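Participant: Okay, here's the structure, questions in a sec.
The values are calculated or read from the model by the stated rules, or taken from the named source; none is laboratory data. Note that the structure is predicted; figures quoted are calculated from it, not measured. Glycine also receives a Cβ, built like all others from the backbone with ideal geometry; neighbour counts cover every protein chain displayed. With ligands, DNA and RNA removed, areas are computed over all heavy atoms of the protein, side chains included. Shrake-Rupley method; radii C 1.70, N 1.55, O 1.52, S 1.80 Å.
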Amino acid sequence: MANNSYSGVKNSVAEPNHDGEFGCSLKELRSLMELRGAEALQKIEDSYGDVNGLCNRLKTSAIDGLSGQPSDIEKRTSAFGQNLIPPKKPKTFLQLVWEALQDVTLIILEVAAIVSLGLSFYQPPESEERNCGNAAGGVEDEGEAEAGWIEGAAILLSVVCVVLVTAFNDWSKEKQFRGLQSRIEQEQKFTVVRGGQVIQVPVAEIVVGDIAQIKYGDLLPADGVLIQGNDLKIDESSLTGESDHVKKLLEKDPMLLSGTHVMEGSGKMVVTAVGVNSQTGIIFTLLGMEDDDDDDEEEKEKKKEKKKEKKNKKQDGSVENRKKAKAQDGAAMEMQPLNSDEGAENEEKKKSNLPKKEKSVLQGKLTKLAVQIGKAGLLMSAITVVILVVLFVVDTFWYQGLPWTTQCTPVYIQFFVKFFIIGVTVLVVAVPEGLPLAVTISLAYSVKKMMKDNNLVRHLDACETMGNATAICSDKTGTLTMNRMKVVQVHIADKHYRKVPEPDVVPANITDLLVLGISVNCAYTTKIMSPEKEGGLNRQVGNKTECSLLGLALDLKKDYQAIRNEIPEEKLYKVYTFNSVRKSMSTVLKNADGSFRMFSKGASEILLKKCFKILTATGEAKVFRPRDRDDMVKRVIEPMASEGLRTICLAYRDFPASEGEPDWDNESEILSRLTCICVVGIEDPVRPEVPDAIKKCQRAGITVRMVTGDNLNTARAIATKCGILQPGDDFLCIEGKEFNRRIRNEKGEIEQERIDKIWPKLRVLARSSPTDKHTLVKGIIDSTVLEQRQVVAVTGDGTNDGPALKKADVGFAMGIAGTDVAKEASDIILTDDNFSSIVKAVMWGRNVYDSISKFLQFQLTVNVVAVIVAFTGACITQDSPLKAVQMLWVNLIMDTFASLALATEPPTESLLLRKPYGRNKPLISRTMMKNILGHGVYQLTIIFTLLFAGEKIFDIDSGRNAPLHAPPSEHYTIVFNTFVLMQLFNEINARKIHGERNVFEGIFNNLIFCSIVFGTFIIQFVIVQFGGKPFSCVGLNIEQWLWCTFLGFGSLLWGQVISTVPTSRLKFLKTAGHGTQKEEIPDDELDELDDQDEIDHAERELRRGQILWFRGLNRIQTQMDVVSAFQSGISFQASFRRQPSSSSQQHDIRVVNAFRSTLSPYEGLEKPESRSSIHNFMTHPEFRIEDSEPHIPLIDDTDAEDDAPTKRNATPTPPPPPSPNQNNNAVDSCIHLFLDPSKSATPSTPGSPMHSLETSL
């Protein structure tokens, strides 16, 4: 078989026909992809010769890819499958109906209705009828006795209605969700080579044999074998659970698996397995997609795993790890590019697995509120039933003194069933089952509309969390700026050009070198294309910074594409791709004579440190000393940066053939002794709409912070242009390195209280690594400085932004510039990468919150009134004025219809004029409580007047004390009609929740609202006029209708009266529906802390510290005198008596001197600045306070920390030894005073008022 593996694609030799026409069968490829590393290489070698052999078998070319002919693509799809995992079947409508039927209250009602139906068909013998007591009422007409079944049937019918409406809502929600999911998937494209052209195809259309280009940030959509790679590192944790990045090399491990993330580098692969046959697909099929039940899945998976184990150890590993990974890595489960559209339920499941977010703020508040209301309703309904039964029994058997006879039993039971039904209806009305519906509708509606505002919401609750956001940490490039980079200044050949020079001004050899360097040392996927429209701007494809450099080459009248054609990507000897650690990119070319030349580009202050020569005007290289470098920074880089330009240095290095091949893995050695070609300043203009959007954010109480990898001056300049910094503000702008120095203690651990000192003032974090971003976000979220827990939104586009996006309350990924990994980790995708879309998201989020509050205000009014009416009516007249069926109709109005009407109010700009609500603000504010109670009073007054005096007012028969199956009365119809009309008018009142006067404002912008109010009115009319017996209604005349409408309209007038009463006067009003506090705190601890508004972690530390302090007391006693010798006139004793201190049994005493600024109130503790004696400073001149060093872009710092950003300490001193006293946990929050003769001088922490002094005794 191997003999013909090299035959060309065109004239492929007839070979054993495996799979139709291809030289490999599906099974063969599947088993190949299950191998790793050396085994896989061996297998490729044995079966195909090498990767090219495999390409030939798959009838594809490693250079030109597939032909792209539809017939060929189709053949491949039929032979090897399509690249999508079949989605789980959506729930059918019937399943949803069945789920809706599971509602407890509905079940109770069904049972009651069925019993009532059964009893109504039983006719007791005529003769005894009147012996069963007065309550049974007089003899009924024949027709009425027979109509007894109607009530039961009507209840059943209304239950069916409720169920259908709920099921329909669920169904449409699911459909919407699937639509959204498929839209996300259609947008996911991948770069492949077809017919020699690089094109983007939707992920689902990738076929086996495609040559795919992979680059930093991609989520691999299919399995494949590497053909060519540069410095490729893959994160395979989603499949293997191993968090280390795996290096992929042709000669070591060329196997690439779907669902893994490219963390570094670039390359090409030939696709060998797609869809269900790829590694991820195999796992998804293993996960038993057909079963909803998690436990069954686990069982099945175990069984399958056992079977697999016998067959194949490898695969089993990946499944087990998959489970591990499921816990570790939420994104793994989401695997969207593979169309694993598991629908909404799974989304929910995933959310519960993700450690990412607590229950969303709103859900937390609503759940709590619904439970409270439900309990109250249950209590009321139980009391109602008890009272009715007792009254009946007392009246019949005591008052009338009747015996219980067997003939009467059914009659009595019928009474009890009627009481029971009344009780259940009270419960149905009291329980706000419309709440979840309102939330769903509101969110679904918002999500749909947000699509138009360029927000693609991936997790529904993110939309509502966004309304509470208090801080936004935004990237600079592409979000605040336009992401159209252009080189505007160049420093080349000893001269600084304020605009790009003409080609003939610069020496030709320098220009050629520069253009060659730009052409090969930019990713080959980056290109400048001709404009789409005539006269438009050139299209920039790929990395925008690289595009600007290619643009510079074009401005110098050189064609970079010609050079690339001459040196194709395969000929590049070695590529060090850009990553956040290197902050530079280098490409090595091998020359004909065996020497090497390396081109580098990167952040100017970092790369200039590595240059030791610079090209001069003559085109010669001259020595470039540190002094020259400082001079250049001052003369060139700082002026550029202060104009908001991004500075990039371009350099090269020759490795002569005589020295032999260098050790390419020793990066720090390779990337040194460079020759600087030029420094360019790249402008990325601020988006015109951003300053306005930021102003809106600030007015809305949201702090915008800029976190960028750019240098400090550039960042500051752009922050000022955007309006993040105002002239004269005392806000912090610091670099990542300085930030890290300030937040870490001597041991290099991050301390929350140090972060708390920085973040409230921080506005710009420059030269920051992704870890800094994550640290900042985590620090702000965990902070307890302000009484409100901060809700943080973060934007990100790079792969390494993933952790920060996941940690944030809401993660925004960039739709255009964002990598797949960032999109996976995010909650909302900005389809236009624009900051002003974030402001729209805030508006929608606040709108959701307000919609829910409007709905609550309306619903609770109805609840309160209906429950009280039913309860008192039942107790006084032994029959509820509102019948079961009527109650269900009211319930339908206020639940389903009202939630539709009030949850679809469009947002207005005025939402951005108030501060965020915060996590603990109650759902029902005082104003709302005032409205609820005020309208409740009005409605109850009207209803009770009508109930007890209605027959006199309207001159009609009283409906009270009617017999069991009495016909409906006009009296009760009027009560019911007035009640419903009052609700309708009150729905208009409910549109405003902040006590505004004009409730009609913008009402016609919301067609849904108008049509629902109007529609409800018409249905109500039909029910009253033609509802008859089932609805216990009688037709009313026009005068009665006018009166009912007038009384209903009264609630609008009454609303004006209520809004005149100032809320501040009504101190007695309670708020309701508070947010849950942090759930991590155990109950007993919460009880202790009840009197405190907020848990202060420092306090708690202190308390623990004091206990530990006593343990150490006796040991300290012996050391007191030593300390006093050292004090030199400062009374430490006082502070010693209070502070936890860590002491050691050794002779060199390390005394933790002082709690940081937490304890500054303790007297006797002076700050070092206020010292009278400065002999400490004098005797140890090597003691230095770094704060005095000027922090200009940090250029002359040691190289060490540039190469290894992990060692964040600016000075290379060894870290202080840990305190030997292990049992003192309080030690972390202290600053060490080291009395250690061997070492002295550690970096001080200017962040804290108490500099840590390390000094020898």
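Participant: Can you pull out every residue in region 563-588 that is closer than 28 Å to LYS737 by Cα and not charged (D, E, K, R)? So that I can check it myself, show each step before the final result.
Facilitator: We begin by selecting, within region 563-588, every residue closer than 28 Å to LYS737 by Cα; these are 575-587.
Across region 563-588, the qualifying residues are VAL575, TYR576, THR577, PHE578, ASN579, SER580, VAL581, SER584, MET585, SER586, THR587.
Participant: Then there's this: What is the one condition in (1) at pLDDT below 90; (2) of a type in the set (S, T, N, Q); (3) open to solvent by less than 40 Å² (accessible area, probe 1.4 Å) that ASN454 does not satisfy?
Facilitator: It is condition (3) that ASN454 fails.
Participant: A further question on this structure: Report whether or not ASP475 is closer than 22 Å to ILE648 by Cα and crowded, with 24+ Cβ neighbours inside 10 Å.
Facilitator: On the way: closer than 22 Å to ILE648 by Cα: yes; crowded, with 24+ Cβ neighbours inside 10 Å: yes.
Taking the combined requirement at face value, the residue satisfies it.
Participant: Still on this structure, please answer the following. In contact (Cβ under 8 Å) with a residue 12 or more places away in the chain and open to solvent by less than 40 Å² (accessible area, probe 1.4 Å), is that true of LEU947?
Facilitator: Details: in contact (Cβ under 8 Å) with a residue 12 or more places away in the chain: yes; open to solvent by less than 40 Å² (accessible area, probe 1.4 Å): yes.
In short, yes.
Participant: For region 777-785, indicate whether the set of residues that are within 23 Å of LEU645 (Cα to Cα) and of a type in the set (A, V, I, L, M, F, W, C) is non-empty. Before you say what the answer is, go through the steps one by one.
Facilitator: Let us first name the residues in region 777-785 that are within 23 Å of LEU645 (Cα to Cα), namely none.
No - not one qualifying residue is present in region 777-785.
Participant: Might you let me know whether region 527-542 holds any residue that is surrounded by 15 or more Cβ atoms within 10 Å (Cβ to Cβ), charged (D, E, K, R) and either outside any loop (DSSP other than H, G, I, E, B) or touching a residue at least 60 places away in the same chain (Cβ under 8 Å) (or both)?
Facilitator: Scanning region 527-542 turns up at least one residue that is surrounded by 15 or more Cβ atoms within 10 Å (Cβ to Cβ), charged (D, E, K, R) and either outside any loop (DSSP other than H, G, I, E, B) or touching a residue at least 60 places away in the same chain (Cβ under 8 Å) (or both).
Participant: How many residues are without any contact (Cβ under 8 Å) to a residue 60 or more places away in the chain and either open to solvent by less than 60 Å² (accessible area, probe 1.4 Å) or among the charged types (D, E, K, R) (or both) when one looks only at region 1037-1061?
Facilitator: Within region 1037-1061, residues that are without any contact (Cβ under 8 Å) to a residue 60 or more places away in the chain and either open to solvent by less than 60 Å² (accessible area, probe 1.4 Å) or among the charged types (D, E, K, R) (or both) number 1.
Participant: What number of residues within region 504-526 are assigned to a helix (DSSP H, G or I) and open to solvent by less than 40 Å² (accessible area, probe 1.4 Å)? Outline the logic, then answer.
Facilitator: Pass one, region 504-526, residues assigned to a helix (DSSP H, G or I): 504-505, 508-520.
Narrowing further to those that are open to solvent by less than 40 Å² (accessible area, probe 1.4 Å): 510-511, 513-515, 517-520.
Of the residues in region 504-526, 9 are assigned to a helix (DSSP H, G or I) and open to solvent by less than 40 Å² (accessible area, probe 1.4 Å).
Participant: Hey, can you tell me all the residues within region 909-925 that are in contact with a Lys or Arg (Cβ under 8 Å, 6 or more places away or on another chain), closer than 19 Å to LYS1070 by Cβ and aliphatic (A, V, I, L, M)?
Facilitator: LEU923
Participant: Specify which of the listed residues (ILE670, ILE677) is in contact with a Leu (Cβ under 7 Å, 6 or more places away or on another chain) and either more than 27 Å from LEU712 (Cβ to Cβ) or open to solvent by less than 30 Å² (accessible area, probe 1.4 Å) (or both). Steps first, please.
Facilitator: Working: ILE670 fails: in contact with a Leu (Cβ under 7 Å, 6 or more places away or on another chain).
None of the other options fit; the residue is ILE677.
Participant: Another question, then. Only one of VAL515, VAL500, VAL520 is under 20 Å from VAL636 (Cβ atoms) and at pLDDT 90 or above. Can you tell me which? Show your work before the answer.
Facilitator: On the way: VAL515 fails: under 20 Å from VAL636 (Cβ atoms); VAL520 fails: under 20 Å from VAL636 (Cβ atoms).
None of the others qualify; the one that does is VAL500.
Participant: Could you run through region 646-664 and say how many residues are aliphatic (A, V, I, L, M) and assigned to a loop (DSSP other than H, G, I, E, B)? I'd like the intermediate steps shown before the answer.
Facilitator: To start, the set of residues in region 646-664 that are aliphatic (A, V, I, L, M) comprises 648, 650-651, 657.
Filter again for assigned to a loop (DSSP other than H, G, I, E, B), leaving none.
Looking only at that region, the number is 0.
Participant: Limited to region 880-903, what total is found for residues that are farther than 30 Å from ASN1005 by Cα and open to solvent by 20 Å² or more (accessible area, probe 1.4 Å)?
Facilitator: Total meeting the criteria: 1.
Participant: Tally up the residues in region 806-822 that are part of a helix (DSSP H, G or I) and under 20 Å from HIS245 (Cα atoms), please. Spell out how you get there, then give the answer.
Facilitator: Here is the first cut: in region 806-822, the ones part of a helix (DSSP H, G or I) are 806-807, 820-822.
With the extra rule that they be under 20 Å from HIS245 (Cα atoms), the set shrinks to 806, 820-822.
Number of matching residues: 4.
Participant: With the condition kept exactly as written, say whether any residue in region 51-70 is at pLDDT 75 or above, surrounded by 15 or more Cβ atoms within 10 Å (Cβ to Cβ), part of a helix (DSSP H, G or I) and touching a Cys at 6+ places or on another chain (Cβ under 6 Å).
Facilitator: Yes, because at least one residue in region 51-70 is at pLDDT 75 or above, surrounded by 15 or more Cβ atoms within 10 Å (Cβ to Cβ), part of a helix (DSSP H, G or I) and touching a Cys at 6+ places or on another chain (Cβ under 6 Å).
Participant: Kindly indicate which of GLY736, GLY681, GLY644, GLY709 is in contact with a helix residue (DSSP H, G or I) (Cβ under 9 Å, 6 or more places away or on another chain) and at positive phi. Steps first, answer last, please.
Facilitator: Working: GLY736 fails: at positive phi; GLY681 fails: at positive phi; GLY709 fails: at positive phi.
The conditions single out GLY644.
One line per residue, one yes/no per condition, for (1) under 30 Å from PRO906 (Cβ atoms); (2) free of Cβ contacts under 8 Å to residues at least 40 places away in the same chain; (3) in contact with a Ser or Thr (Cβ under 9 Å, 6 or more places away or on another chain):
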residue	(1), (2), (3)
MET380	no, no, no
TYR412	no, no, yes
LEU427	no, no, yes
ALA430	no, no, yes
ARG458	yes, no, yes
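Participant: Determine the pairs where a residue that is more than 17 Å from ASP72 (Cβ to Cβ) and charged (D, E, K, R), located within region 13-28, has a partner that is at pLDDT below 50 and outside any loop (DSSP other than H, G, I, E, B) with Cβ atoms under 6 Å apart, the partner being 6 or more residues away or on another chain.
Facilitator: As it stands, the answer is GLU15/ASN4, since those pairs meet every condition given.
Participant: Looking at SER586, SER548, SER580 in this structure, which one is open to solvent by less than 10 Å² (accessible area, probe 1.4 Å) and not in a strand (DSSP E or B)? Spell out the reasoning first.
Facilitator: Numbers: SER586 fails: not in a strand (DSSP E or B); SER580 fails: open to solvent by less than 10 Å² (accessible area, probe 1.4 Å).
So the residue among SER586, SER548, SER580 that is open to solvent by less than 10 Å² (accessible area, probe 1.4 Å) and not in a strand (DSSP E or B) is SER548.
Participant: For region 175-183, check the following and say yes or no: at least one residue is in contact (Cβ under 8 Å) with a residue 40 or more places away in the chain, in contact with a strand residue (DSSP E or B) (Cβ under 8 Å, 6 or more places away or on another chain) and of a type outside the set (Lys, Arg).
Facilitator: Yes; the residues of region 175-183 include at least one that is in contact (Cβ under 8 Å) with a residue 40 or more places away in the chain, in contact with a strand residue (DSSP E or B) (Cβ under 8 Å, 6 or more places away or on another chain) and of a type outside the set (Lys, Arg).
Participant: If only one of VAL1024, VAL1034, VAL1013 is farther than 30 Å from GLN372 by Cβ, touching an Asp or Glu at 6+ places or on another chain (Cβ under 9 Å) and surrounded by 14 or more Cβ atoms within 10 Å (Cβ to Cβ), which one is it? If you could, list the steps in order and put the result at the bottom.
Facilitator: Working: VAL1024 fails: touching an Asp or Glu at 6+ places or on another chain (Cβ under 9 Å); VAL1013 fails: farther than 30 Å from GLN372 by Cβ.
From the options VAL1024, VAL1034, VAL1013, the qualifying one is VAL1034.
Participant: So in region 595-622, with the set limited to residues that are more than 14 Å from SER672 (Cβ to Cβ) and open to solvent by 30 Å² or more (accessible area, probe 1.4 Å), which one is nearest to the chain's Cα centre (by Cα)?
Facilitator: First, pick out the residues of region 595-622 that are more than 14 Å from SER672 (Cβ to Cβ): 595-597, 599, 601, 603-605, 614-622.
Restricting the remaining residues to those that are open to solvent by 30 Å² or more (accessible area, probe 1.4 Å) gives 597, 617-618, 620-622.
On the way: ARG597: 46, ALA617: 53, THR618: 56, GLU620: 54, ALA621: 52, LYS622: 53 Å.
So, considering only residues that are more than 14 Å from SER672 (Cβ to Cβ) and open to solvent by 30 Å² or more (accessible area, probe 1.4 Å), the one nearest to the chain's Cα centre (by Cα) is ARG597.
Participant: Do we find a residue being open to solvent by 20 Å² or more (accessible area, probe 1.4 Å), among the small types (Gly, Ala, Ser) and more than 33 Å from the chain's Cα centre (by Cα) anywhere in region 180-198?
Facilitator: Scanning region 180-198 turns up at least one residue that is open to solvent by 20 Å² or more (accessible area, probe 1.4 Å), among the small types (Gly, Ala, Ser) and more than 33 Å from the chain's Cα centre (by Cα).
Participant: A follow-up question, please. What are the residues in region 84-112 that are in a helix (DSSP H, G or I), at pLDDT 75 or above and not charged (D, E, K, R), if any?
Facilitator: Going through region 84-112, the residues in a helix (DSSP H, G or I) turn out to be 93-101, 104-112.
Going one step further and asking which of them are at pLDDT 75 or above, we end up with 93-101, 107, 110-111.
Selection gives PHE93, LEU94, GLN95, LEU96, VAL97, TRP98, ALA100, LEU101, ILE107, VAL111.
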